[in-house]
Amino acid sequence: MLRPGPIAKTFAALCLSAITCSTFAVSLEDLRRQDLTPPKFASYFRNFQFDFRNEVQRPELFLARKSGDCDDYSTLAAAVLREKGYTPRLISIRMPGVTHVVCYIEETRSYLDYNFRGHTVAVNSGNVLQAIAESVARSYRLQWSSASEFTFDSGVKRLVQTVVEPNKEKTLAGLFR
């Protein structure tokens with residue numbers, strides 16, 4: 001009878017551990033109990049899948065499914081990190097064919113981006129809307145047309161401010177002369 005050697009046993013244990021860890025879903029309560037920094041928050045989402053939805057998912061559903069999109073991630077990041085004492089800002093950037101949402105953190109002068117969940121935990125950026133929009137648009141290799149800061153509370157988005165890309169302002173101004 002063949003018995004597995006120590007290397008095979010170790011390999012099997014590592015595989016089982018990886019499978020167990022990759023199927024574990026973090027809960028909202030788990031996130032709230034943690035001593036979170038923005039990078040540590042982002043690390044929980046490395047294995048989440050992209051799944052576009054028209055509406056923002058409830059945090060519990062997003063976490064249980066381990067899938068969602070940029071506004072699910074950003075609104076959850078803003079809510080949880082605000083509870084931890086950070087000053088998050090939700091920013092929506094419009095580009096040709098796509099609108100993308102990120103969570104800017106004032107204290108770190110960086111934003112959390114669901115598109116980079118598997119690679120980078122935060123992207124450094126200036127804190128004005130134009131700088132954030134330019135950084136996000138560069139990652140898409142597109143030009144941005146407008147950027148809006150908004151709040152999200154109890155399922156309701158509220159606009160704070162919007163800026164238009166400077167070249168677009170000139171085009172729009174010409175329409176109203």
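The values are calculated or read from the model by the stated rules, or taken from the named source; none is laboratory data. None of these values were measured; they are calculated from a predicted model. Reconstructed Cβ throughout: ideal geometry from the backbone, glycine too, with neighbour counts over all protein chains shown.
Would you confirm whether any residue within segment 57-67 is surrounded by fewer than 13 Cβ atoms within 10 Å (Cβ to Cβ), outside any helix (DSSP H, G or I) and under 16 Å from the mean Cα position of the chain (by Cα)?
So far as segment 57-67 goes, no, none of its residues is surrounded by fewer than 13 Cβ atoms within 10 Å (Cβ to Cβ), outside any helix (DSSP H, G or I) and under 16 Å from the mean Cα position of the chain (by Cα).
Restricting attention to segment 143-159, which residues are of a type in the set (Val, Ile, Thr) and not in a strand (DSSP E or B)?
Looking only at segment 143-159, we keep the residues that are of a type in the set (Val, Ile, Thr), and these are 151, 156.
Answer for segment 143-159, where residues must be of a type in the set (Val, Ile, Thr) and not in a strand (DSSP E or B): there is none.
Which one of these does Tyr86 not meet: (1) modelled with pLDDT of 95 or more; (2) assigned to a loop (DSSP other than H, G, I, E, B); (3) over 20 Å from Gln34 (Cα atoms); (4) hydroxyl-bearing (Ser, Thr, Tyr)?
Every condition holds for Tyr86 apart from (3).
Got a sec? Which of Leu159, Leu142 is free of Cβ contacts under 8 Å to residues at least 12 places away in the same chain, surrounded by fewer than 21 Cβ atoms within 10 Å (Cβ to Cβ) and touching a strand residue (DSSP E or B) at 6+ places or on another chain (Cβ under 6 Å)? Spell out the reasoning first.
Working: Leu142 fails: free of Cβ contacts under 8 Å to residues at least 12 places away in the same chain.
None of the others qualify; the one that does is Leu159.
Output the qualifying pairs, or none if there are none: Cβ atoms under 9 angstrom, residues six or more apart or on different chains, first residue in segment 63-89 and free of Cβ contacts under 8 Å to residues at least 12 places away in the same chain, second residue part of a helix (DSSP H, G or I).
From segment 63-89, the pairs are Gly85/Glu107.
When you scan segment 57-68, do you find a residue that is in contact with a Lys or Arg (Cβ under 8 Å, 6 or more places away or on another chain), modelled with pLDDT of 95 or more and closer than 23 Å to Gln143 by Cα, even just one?
No, there is no match, as no residue in segment 57-68 is in contact with a Lys or Arg (Cβ under 8 Å, 6 or more places away or on another chain), modelled with pLDDT of 95 or more and closer than 23 Å to Gln143 by Cα.
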